[in-house]
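K.L.:
Take a look at the following structure, please.
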Amino acid sequence: MNRILVVEDEQRIASFISKGLKAQGYTPTVVGDGITGLDYAMTGDFDLVVLDLGLPGKDGFEILTQVSAERPELPVIVLTARDSVDATVSVLEGGAADYMSKPFKFAELVARIRLRLRSPTTTSPPDDELSAGDVRLDLRRRRAFVGQREVELSARELSLAEVLMAHRGQVLSREQLLSHVWGYDFDPGSNIVDVYVGYLRRKLGAELITTVRGLGYRVD
């Protein structure tokens, strides 16, 4: 399992990321200040760092600069509320492997983490396709098929189908699906998950997604 260091001082966001990463099979370690974050990044056995910029103790830019200079093999994905072009350029030129503005969607963060953790020298093929029954998702081109027929899905529908199919045989609760697809800032009391499951059933087949009463949804 890949070990991921999460340096984030907002407890709600840090908890959201940590729970989501555990559900995806990663081993997250969360720290809430820049000084500890830099120490862990420089001395810990981590495969990737998710780094907030606005941190107490030491600014995220300082951490990024030092990690980039002394541990260039360690990819850093920056999370920040600063969404200006100048901020993006500064972060990428400072050595970040990737950059995401808050609020973000967890499914997109996981996709970027997978991309950065994929070894360029690996001999095994990348996980670019998911399938269940007659349904197939081409993750690289973001396209869906039922048999040989292409089905048009919205970006959110595709993300929901990807999460469910990536966890074939597992029951995912509405809360898990909300955090994975819609993000930590979405109203947990919403019925949006049920609505989008209905969309997928109409487009990909009613038998694709099973409702497990009181627990959530599952793709077999």
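K.L.:
If we count other beta carbons within 10 Å of each Cβ, what is the order of 10, 162, 152, fewest first?
P.N.:
The order, fewest Cβ neighbours first, is 152, 10, 162.
K.L.:
If you don't mind, there's one more thing I want to ask. Dividing the convex hull volume of the Cα atoms of the range 129-219 by its residue count, what figure in Å³ per residue is obtained?
P.N.:
Spelled out: Cα convex hull of the range 129-219, divided by residues, is 88 Å³.
K.L.:
Mind sorting 46, 16 by how few other Cβ atoms lie within 10 Å of their own Cβ, fewest first?
P.N.:
Exposure proxy ranking, most exposed first: 16, 46.
K.L.:
Residue 33 to residue 173: FRET efficiency via 1/(1 + (r/R0)^6), r the Cβ-Cβ distance, R0 35 Å, to the nearest 0.05?
P.N.:
Result of the calculation: an efficiency of 0.65.
K.L.:
Considering Cα pairs under 8 angstrom that are at least six residues apart, work out the relative contact order of the range 129-219 and quote it in whole percent.
P.N.:
Relative contact order comes out at 28 percent.
K.L.:
I would also like to ask the following. Based on the Cβ-Cβ distance of residue 69 and residue 11, what FRET efficiency does E = 1/(1 + (r/R0)^6) give at R0 = 22 Å, to the nearest 0.05?
P.N.:
About 0.15, to the nearest 0.05.
K.L.:
Let me ask something additional. Counting Lys and Arg as +1 and Asp and Glu as -1, each charge on the Cβ, what is the dipole of the range 129-219 about the Cα centre in debye, to the nearest 20?
P.N.:
Magnitude of the dipole: close to 240 debye.
K.L.:
Would you mind computing, in nm to one decimal, how far apart the modelled labels at residue 43 and residue 220 are, each placed 7 Å from Cα along Cα→Cβ?
P.N.:
5.2 nm
K.L.:
Along the three principal axes, how long is the chain when you take its alpha carbons, biggest first, rounded to the nearest angstrom?
P.N.:
52, 42, 33
K.L.:
So if I place +1 on the C-beta of Lys and Arg and -1 on the C-beta of Asp and Glu, and nothing else carries charge, what would the dipole magnitude of the range 1-84 be about its Cα centre? I want it in debye, nearest 20.
P.N.:
Roughly 320 debye, rounded to the nearest 20.
K.L.:
Could you size up the charge dipole of the chain around its Cα centre, putting +1 on the beta carbon of Lys and Arg and -1 on that of Asp and Glu, and report it in debye to the nearest 20?
P.N.:
The dipole of the chain has a size of about 940 debye.
K.L.:
Which residue, chosen from 51, 215, 139, occupies the Cα position most advanced towards the positive end of the dipole of the chain, where the dipole is computed from +1 (Lys, Arg) and -1 (Asp, Glu) charges on Cβ about the Cα centre?
P.N.:
215
K.L.:
Using the reciprocal of the averaged 1/r over all distinct C-alpha pairs, how large is the Kirkwood radius of the range 29-84 in Å?
P.N.:
It works out to 11.2 Å.
K.L.:
If you don't mind, another one. Counting pairwise Cα distances across the range 3-117, what percent come out greater than 20 angstrom?
P.N.:
31 percent
K.L.:
Also, quick follow-up: Starting from the Cα-Cα distance between residue 149 and residue 111, subtract it from 0.36 nm times their residue separation and give me the gain in nm to one decimal.
P.N.:
11.1 nm
K.L.:
Quick one: order 55, 117 by neighbouring beta-carbon count within 10 Å, fewest to most.
P.N.:
117, 55
A short reminder: the numbers here are calculations on the coordinates, not readings from a lab. The structure displayed is predicted, hence computed values, not measured ones. Cβ sites come from the backbone with ideal geometry, for glycine too, and all protein chains shown count toward neighbours.
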